[in-house]
1. Pairs, please: C-beta under 8 Å, at least 6 apart or cross-chain, first residue among the charged types (D, E, K, R) and in the range B:52-81, second open to solvent by 60 Å² or more (accessible area, probe 1.4 Å) and in a loop (DSSP other than H, G, I, E, B)?
2. Which pairs do you get when a residue that is within 14 Å of chain B (Cβ to nearest Cβ), found in the range A:96-112, comes within reach of a residue that is open to solvent by 20 Å² or more (accessible area, probe 1.4 Å) and aliphatic (A, V, I, L, M), reach meaning Cβ atoms under 8 angstrom, with the pair 6+ apart or on two chains?
3. Which residues, counting only those in the range A:122-138, are more than 8 Å from chain B (Cβ to nearest Cβ) and not hydrophobic (A, V, I, L, M, F, W, C)?
4. Residue under question is A:ALA115, and the condition is that it be free of Cβ contacts under 8 Å to residues at least 24 places away in the same chain and within 30 Å of B:MET152 (Cβ to Cβ); does it hold?
5. Go through the range B:9-26 and give me each residue that's of a type outside the set (A, V, I, L, M) and in contact (Cβ under 8 Å) with a residue 12 or more places away in the chain.
6. Is there a residue in the range B:37-54 that is away from chain A (no Cβ under 14 Å), open to solvent by 40 Å² or more (accessible area, probe 1.4 Å), over 17 Å from B:THR146 (Cβ atoms) and in a loop (DSSP other than H, G, I, E, B)?
7. Please tell me if B:LYS91 is away from chain A (no Cβ under 14 Å), surrounded by fewer than 16 Cβ atoms within 10 Å (Cβ to Cβ) and part of a strand (DSSP E or B).
8. Can you tell me which residues in the range B:98-119 are surrounded by fewer than 17 Cβ atoms within 10 Å (Cβ to Cβ) and either more than 9 Å from chain A (Cβ to nearest Cβ) or without any contact (Cβ under 8 Å) to a residue 12 or more places away in the chain (or both)?
Amino acid sequence: MTIYNLYIFDRNCSCLYYKEWTRQKEAGIPREEEFKLMYGMIFSLKSLISRLSIISAKEGLVGYTASNYKLHYFETPTGFKFVMNTDTSVGNVQDVLRHIYARIFVEYVVRNPVARPGEHVDSELFAAKLDDYIQDLSFK
Amino acid sequence: MSVTTVQAETSQCLFEFLHMEIVSQLQQEAGPDKKGEVQQRLESLGHRVGESLVERTSRDHPRFKNELDAVVFMCKQFWVTAFNKNIDNLKTNHQDTYVLHDNAFRLLQHLSEGNQYREEAQTYLSFACGLLTGALSNVGIKCQVTAEVTKMPACTFQVKVLL
């Protein structure tokens with residue numbers, strides 16, 4: 001079971017952080033374009049899902065499964081969006097994404113005095129803590 | 001989490017965020033390359049806060065036996081009130097210098113565990129330096145405090161008593 005990569009977006013659709021662990025294929029476009037494409041897809045999927053929903057629910061999009069990979073989506077009350085790609089054998093990782101947000105992102109980005117809101121995350125401490133956590137996950 | 005821990009945590013957070021914002025405002029006002037000025041202003045803010053805070057923390061405490069007793073008080077009760085933890089180690093040359101080691105200083109904890117942001121880190125110690133001079137001056141000890149970042153989030157405060 002493998003985690004491929006992780007995107008963190010803020011409410012204003014800028015990609016604050018991107019990290020890949022194992023990635024076999026590139027999108028063939030500049031990273032910035034790929035971020036926009038990813039954000040655009042998430043945005044559209046979310047609105048489609050709520051439009052076509054037959055029951056009213058608080059949370060819509062949680063991810064999708066393609067034949068060769070699985071995308072997981074988690075959104076915080078403040079509008080941060082966490083997108084993680086894994087292989088298809090990985091189960092529900094909502095708790096993992098929540099942990100990354102609540103215990104790593106809030107602690108080392110939001111509470112980091114030199115990190116400005118809305119700017120790209122370049123804290124090494126955050127990157128290290130995130131990497132430790134991902135490496136420790138039992139299903140990896 | 002019990003109500004008290006939640007309260008302690010939120011007030012710590014509130015202080016941290018307020019302090020963060022004060023630093024950033026002072027930096028904006030002072031302009032670039034005016035680190036000294038920013039640090040000085042933070043220190044004088046801290047001094048004033050320290051004077052009052054020590055009054056509040058020591059109100060149920062008997063008088064201090066000697067200088068060391070007062071410094072130990074700063075390392076324990078006073079530091080706990082301010083930063084929710086003790087000073088981890090206190091060294092003195094038994095003359096006029098005390099060195100306080102904090103192995104995980106509250107305001108550096110979320111910053112780095114390596115060398116990144118080392119330059120910026122110094123500014124986040126100034127308020128605490130002020131707190132110490134203020135608190136000690138209010139118990140009758142005139143001193144100078146300098147701080148040094150060792151291996152983040154650890155740092156040391158050197159208290160030099162002025163005779």
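1. From residues that are among the charged types (D, E, K, R), the pairs are B:LYS76/B:ASN86.
2. As it stands, the answer is A:VAL109/A:ALA115, since those pairs meet every condition given.
3. Answer for the range A:122-138, where residues must be more than 8 Å from chain B (Cβ to nearest Cβ) and not hydrophobic (A, V, I, L, M, F, W, C): A:ASP122, A:LYS129, A:ASP131, A:ASP132, A:TYR133, A:GLN135, A:ASP136, A:SER138.
4. So A:ALA115 passes the test.
5. Listed by number, the residues that qualify are B:GLN12, B:GLU16, B:HIS19.
6. no
7. yes
8. If the condition is that a residue be surrounded by fewer than 17 Cβ atoms within 10 Å (Cβ to Cβ) and either more than 9 Å from chain A (Cβ to nearest Cβ) or without any contact (Cβ under 8 Å) to a residue 12 or more places away in the chain (or both), then B:VAL99, B:HIS101, B:ASN103, B:ALA104, B:ARG118, B:GLU119 are the ones that fit.
The values are calculated or read from the model by the stated rules, or taken from the named source; none is laboratory data. Note that the structure is predicted; figures quoted are calculated from it, not measured. All Cβ positions, glycine included, derive from the backbone under ideal geometry; neighbour counts span all protein chains shown. For the accessible areas, the whole protein counts, side chains as well, though only heavy atoms, and no ligand, DNA or RNA atoms are used. Shrake-Rupley method; radii C 1.70, N 1.55, O 1.52, S 1.80 Å.
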